[in-house]
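Shown next, in structure tokens, is the structure this report addresses.
The values are calculated or read from the model by the stated rules, or taken from the named source; none is laboratory data. Quick caveat: nothing in here was measured; it's all calculated off a predicted structure. Here Cβ is always computed from backbone atoms with ideal geometry, including for glycine, and neighbour counts include all displayed protein chains. Just the protein is used for accessible areas: all its heavy atoms, side chains included, with ligands, DNA and RNA removed. Shrake-Rupley method; radii C 1.70, N 1.55, O 1.52, S 1.80 Å.
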Amino acid sequence: MALELPDNVVITKLDEMVSWCRKNSLWPMPFATACCGIELMATGASRHDLARFGAEVFRFSPRQCDLLIVAGRVVMKMLPVLQRIWQQMHEPKWCISMGACASTGGVFDTYSVVQGIDRFIPVDMYVPGCPPRPEQLIQAIIDLQAKIQREGTMYGREFTRPERQLPSRALRQ
Amino acid sequence: MPLERILPSGDLAQDEPQEYLWTMNFGPQHPATHTTLRLVLKLDGERVVDAMPDIGYLHSGFEKLAEHLDYNQYVTVTDRMNYVSPMANNVAWHMAVEKLMGIEVPPRCQYLRVIVAELSRISDHLVCNGAVGLDTGAFTYFLYAFNPREKLYDIFEALCGARFTNSYTRVGGLTGDASPEAIAMIREVIRELPKTFGDMERLLDRNKIFVDRTKGIGVLTKEEAINRGASGPVARASGVTRDLRKDEPYLSYADFDFQVCCATAGDCYARYLVRMAEMRESLKIVAQAIENLPEGPVSIGIRDRASLPPKGMVYSTIEGLITHFEVLMTNRGFEVPCEEIYSATEAPNGELGFYLVGDGSSRAYRARCRPPSFLHFALFPHLIRGHMLSDVVAVLGSLNVIAAELDR
Amino acid sequence: MDAMPTRTTSELKRAFPTAEISEFRGQVRAAVPVSSIGDCLRFLKEQLGFDMLVDLTCVDYLAYRGATSRFGLVYLLLSVDRGERLVVRTFVDDPQPAVPSAVPLWQAADWLEREVWDLFGIRFEGHPDLRRIVLPEQFTAHPLRKDYPLQGRGERHNFPVITRAEG
């Protein structure tokens, strides 16, 4: 005998509901070092309005954030700062590497620029472009939301799966 | 602890015991530093006794890279130097290169370069003043300042295809001529921007909180400004009546009628006012340039084997194809004298110059950039001594320090 | 090319006979031996009114055709009232290249000299605080020297890796 449900009751898995909550209230930590930072500001400003995707609450304290957006090149002197900030953020947390410099070093194949932050910290989403247009960053956030919805679990088990333990290019090579 | 023991300069009297002072780290990741500046502040309660700036958190080896890229390639890197006004850097870089090679660009190119340089001055000052407003608590003002920038981006996109990192100039010319659509967009912006400026001025000029937080804060005297190498709006707000567009007219600045905006107070508020006034003057220059835009080519053509021929010519004529090859081949390239030259422009932030050493090859032997932000940030400890901790952000914002230009 | 004699160049030549004056595209340059650079800068500031140090930089002439010295220091001076510019150059050599500091004359020289020390390794004697400025303290090389490779010597890869598990 089928159970009659009223229209305003939805049955779902708890994991999915938690992920749904998480993905729609990402609080970004803008680690804006260079040019991409200006585009990050433009993404938050009136025309592109990141608030439409629930990720407009920029907080400059890593303790309050769950999405690290690394916008711009990271150099030798800055990398320890970046790693410290990543470690200070609470789980569950994600990282977007915005722009060519953060992802690969970009045009700056020089003595002091780190050739991609994914050598030293985990990265979930890469945004190409130098700098990426605001629309690209918004697309990355939408993709990240889909990823959170797809594999998110209430206790963050997705982070402890073996393949997620290989975060960096350095280890994969 | 008696405050009168602090000297007028802000320094502590020497006989004062200093154990109670405490040290605070500010940056490199802090909302008011905008990018990657770091300050170590020595505080007496909330009063800043001393500040030790620590830079280099964005040192990416620009000058080393300049020695490995040719004169056309390096323009992409200058975009990323002062990324708030990339066009001004493009113009400064290729002006230096052309001065070294002894090339005079055609009038239409000069006018277009003036237009883009002035538009980028407006976009730079919008960010700077918007950020000062943001840091002193006026978030709405920041949105008002940021919105017209999108229109300027649209113009740049119509001119060169890129919205942000433009690389619009080339040795001896530009990547392309301005299309009629782009010119129509510029005319529209000339009509619309005064309204934005009016809005901004009404929001902040007489806002009590803003005036209280900036007036009399971070005063720089004229003598100090000269001795410490300040330039641009920072120097002009202190009464140095120097503007390279007037004093050493480059491109076609001598053709235009505009005022040099100065103030005498030398505080954060004066720097804010100078920037606001300069935007209106820049708009005047753009309006004159667009009305009198000369006809003709935007590049010197293929005669000196210095500028790249247009793509249509490369594909359809033998001269174009050969010139294209010769400019791009590593063993041919540009003909550069074995000489050294310094060329300066009035960038939005101040005097942006390049000291170029040519060695006959198509790459610079040494390309030193004279960054205005570097000298302005060095002023910071001098400006902040004796003020309160909350004034740090106001002073920092009014200097408009761009980390990528600071560290290179 | 010989420069047109101006008041600046003739006065400079009278006070420092060893100075070599040249001109390129309207820019007047004076090459001064390193032994008299301190006095020369003081003379230019105090007697000839060059009250602003626009820039101070260095060129490594290691691979430059016809160069006799390793490093060339470049002082770009400006007289704000007259609007006159002057480029003063001096040359120093390995080992232990050093010049007197210009900080007592122009405060602007403070950071500029620290930058030259950091990137080229030239000592400025009498500088109040000659530390590295843009590179980390533990960095050992001077990267803008011509014998230092563009990609560095692996300093940029020398960091611990943080994984998700440690995170």
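Observations on the structure shown:
- Rounded FRET efficiency, nearest 0.05, which uses the C-beta distance separating C:Arg65 from A:Glu91 and R0 of 56 Å: 0.40
- Subtracting the Cα-Cα distance of B:Asp247 and B:Glu192 from their residue separation scaled by 0.36 nm leaves 16.8 nm.
- DSSP beta bridges confined to segment A:24-172 are antiparallel in about 5 percent of cases.
- With Cα atoms defining each centre, segment C:146-166 and segment B:151-213 are spaced 40 Å apart in the structure.
- GluC sites (Glu not before Pro) restricted to segment B:61-121 and DSSP loop, no more than 12 other C-beta within 10 Å: B:Glu104
- For B:Tyr111, the solvent-accessible surface with a 1.4 Å probe is about 20 Å², rounded to the nearest 10.
- Inter-chain Cβ neighbour average for residues A:58-65, partner chain, 10 Å: 1
- Inter-chain Cβ neighbour average for residues C:51-60, partner chain, 10 Å: 6
- Between the Cα long axis of helix A:134-151 and the first principal axis of chain A there is an angle of about 50°, rounded to the nearest 10.
- Length gained on full extension, A:Glu135 to A:Leu3: 43.0 nm, using 0.36 nm per residue less the C-alpha separation.
- Within segment B:205-291, the trypsin sites (Lys or Arg not before Pro) that combine a DSSP coil assignment with at most 15 other C-beta atoms in a 10 angstrom radius are B:Arg206, B:Lys215.
- Solvent-accessible surface ranking, highest first, for C:Ser35, B:Ser60 at 1.4 angstrom: C:Ser35, B:Ser60
- Scalar couplings 3J(HN,Hα) for segment A:70-87, obtained by applying the Karplus form with A = 6.51, B = -1.76, C = 1.60 to θ = phi - 60°, are 8, 10, x, 6, 10, 10, 3, 6, 8, 4, x, 5, 4, 5, 4, 5, 4, 5 Hz; x denotes Gly and Pro.
- Simple spin-label estimate for C:Thr6 and B:Leu321 in nanometres, 7 Å along Cα-Cβ: 5.0 nm
- For A:Leu68, distant residues with modelled amide H under 5 Å away: A:Met29, A:Trp94, A:Cys95, A:Ile96
- Shielding of C:105-112 by partner chains, average beta-carbon count, 10 Å: 6
- A crude spin-label estimate for the pair C:Asp39 and C:Asp93, with each label 7 Å from Cα along the Cβ direction, gives 2.2 nm.
- Under 16 Å from the C:Arg132 label point (7 Å along Cα→beta-carbon), backbone N, segment C:110-126: C:114-123
- Each residue of segment B:345-360 is assigned a 3J(HN,Hα), and the resulting list reads 10, 8, 7, x, 8, x, 6, 9, x, 10, 9, 10, 10, x, 10, x Hz, derived from the Karplus form 6.51 cos²θ - 1.76 cosθ + 1.60 (θ = phi - 60°), x at Gly and Pro.
- Residue order for A:Trp94, B:Trp22 - accessible surface, 1.4 angstrom probe, largest first: B:Trp22, A:Trp94
- Fully extended contour minus Cα-Cα distance, from A:Met154 to A:Gln64, at 0.36 nm per residue: 30.5 nm
- Between amide H atoms placed 1.01 Å from N, distances below 5 Å from B:Ile217 occur with B:Cys268, B:Tyr269, all of them 5 or more places distant or on a separate chain.
- Of C:Arg145, B:Arg385, A:Arg52, the order by accessible heavy-atom surface (1.4 Å probe, DNA, RNA and ligands excluded), from most exposed downward, is A:Arg52, B:Arg385, C:Arg145.
- Separation in nanometres of the label points that stand 7 Å from Cα toward Cβ, at C:Asn158 and B:Lys208: 5.8 nm
- For segment A:24-172: rounded, prolate or oblate by the Cα gyration tensor [a/c cutoff 1.5]: oblate
- For the protein assembly as shown, share of DSSP beta bridges that run antiparallel, in % to the nearest 5: 75 percent
- Taking a Cβ cut-off of under 11 Å around A:Gln136, the surrounding Lys, Arg, Asp and Glu residues balance to a net charge of -2, with basic ones at +1 and acidic ones at -1.
- In chain B, the alpha-carbon atoms span a convex hull of 136 Å³ per residue.
- The string of couplings for segment C:62-76 from the Karplus curve (6.51, -1.76, 1.60, θ = phi - 60°) is 4, 10, 8, 5, x, 7, 9, 10, 6, 10, x, 9, 10, 10, 9 Hz, one whole number per residue in order, with x for Gly and Pro.
- A:Cys95 exposes around 0 Å² of accessible area when a 1.4 Å probe is run over every protein chain in place.
- Applying the criteria of a DSSP loop state and at most 13 other Cβ atoms within 10 Å to the GluC sites (Glu not before Pro) of segment A:1-76 yields A:Glu4.
- Neighbourhood net charge (10 Å Cβ-Cβ; Lys/Arg +1, Asp/Glu -1) for A:Cys101: +2
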